[in-house]
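What follows is a single structure, written as structure tokens, with notes after it.
Where a number appears in this text, it was derived from the coordinates with a stated rule and is not lab data. In this text the structure is predicted, and so the values were computed from the model without any measurement. Please note: Cβ atoms are built from the backbone with ideal geometry, for glycine as well, and neighbour counts cover all protein chains shown.
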Amino acid sequence: MFKEYRFTNPHSIENGKYKELLDYLFQECDVLSFCELGSYQLWFQAENFMKKIEKFRIKSIQVKEWHGWFSPLITCTGSTDFDTYIIVHFYKCCEELKNILLESTTDLFFTKYDSYYNHTIDFSILQDICFFKNNKIFVVTLTHEGMCNFYPQSDFDLQFIKDMLKGTYCEIELQHSKSYYSIYNYNYNYNCIDITKYGF
Amino acid sequence: MKRRYLLSKYKPLLNSKENFKEITPNMKNFNVIGENFKELLNYLFSNCNVISFSNAYVYEDIYTRKLKDKKDFNKFSKDIEKYHIKTFDTPYWHCYFAYLNENEEYEGYIQVSLYKATEELKNIILEYTDNLFFEILSNEYNRYIVNPKTLEDICFFKNDELLLGTSSMSKSCSIYPNTAKELNFFKNLFEKDSYSLITPREIWDKRNDYICLKDFL
């Protein structure tokens, strides 16, 4: 049995709470990852941010599926014809990286304030931050969907989440480590990521 | 057989059975800039007879999230007016497709202007911009950002058929070469910039964003 904790109001994690969460995650986790889409060039605007955190990079991989991403259905133009791919960058969790994140972001989805549209995705920062503990997925986010899931590995983790979220989460029991559920006809898949198969 | 080649920052997985592959990240802002842009224009203008710019009716700048002010288009449009052939509204274009509403009517037309591809026009474009997506260098962000004051989505047609199409909004550039020689030119040029061309499947009907001018005139 595999349990997933889905935040029902993930946008509420900002400022003080965000710092508290990052403190905990950076203390518990060893690896974090960001995601880029192979053919969606719009998202490739984070070059300055990437250069800044380059020294913490462990490796970058090309994969066909990732949490929330399933490559054959993702294209830059809305048609479903391309064989695309997802780029995942892995970074080492360390204090310095945490400070850079705290400097440049205020919430888990890295939004920025805009006088016209209020909060929009900040394209100058990489997206879909995920945290790994003991090479297994711990926290995943899917920026454009405003989605954030938690996979606690110990009672202590669970207690932390429960204290932090105070009722704004739902508990889902998954029969298999991989679950498939459908949003807008996409197969949102790959809930349990084990990075040992990517050479960790 | 005609195929679409999409310009990309990364080479795709070579083997379809491979689940993952380690890569070196490309930290460049995706664009064709400077000398390579000049070389690309030289080639395209000597091979193509028509170019097009487009202007979506409901359009907002993806970076600033503000609607574009159409008055700002005037200067560049006036400079290139001499070479103007035709302007028309269409529900579909390269990388653009209007939605059908409940009454099966298209919603959201795109305005397309065709221009004769001449040496003079090339020089005007080169004076005006140094990159394929007509972006401007921003001091605030210290990188190229979307320019809200320009025509965009430059497309090149060779004998009425689309050869190179771009979409400034989604920052995509597609090539539809007829011969291996053409394909090689683009491959070599983009490799200089450490970009690569990925090959999707064959073009079929109006899919893959391929367009032919005779459908519009």
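Between a first residue in the range A:136-152 that is free of Cβ contacts under 8 Å to residues at least 40 places away in the same chain and a second residue that is acidic (Asp, Glu) and surrounded by 21 or more Cβ atoms within 10 Å (Cβ to Cβ), which pairs have beta carbons less than 8 Å apart while being 6 or more apart in sequence or on different chains?
A:143/A:128
Could you say whether any residue in the range B:171-187 is in contact (Cβ under 8 Å) with a residue 40 or more places away in the chain and among the basic types (Lys, Arg)?
yes
Can you tell me how many residues in the range B:106-120 are outside any strand (DSSP E or B) and under 12 Å from residue B:92 (Cβ atoms)?
2
Based on what the data block shows, is residue A:134 more than 14 Å from chain B (Cβ to nearest Cβ), out of contact with any Leu (no Cβ under 9 Å at 6 or more places or on another chain) and not aliphatic (A, V, I, L, M)?
So residue A:134 fits the description; yes.
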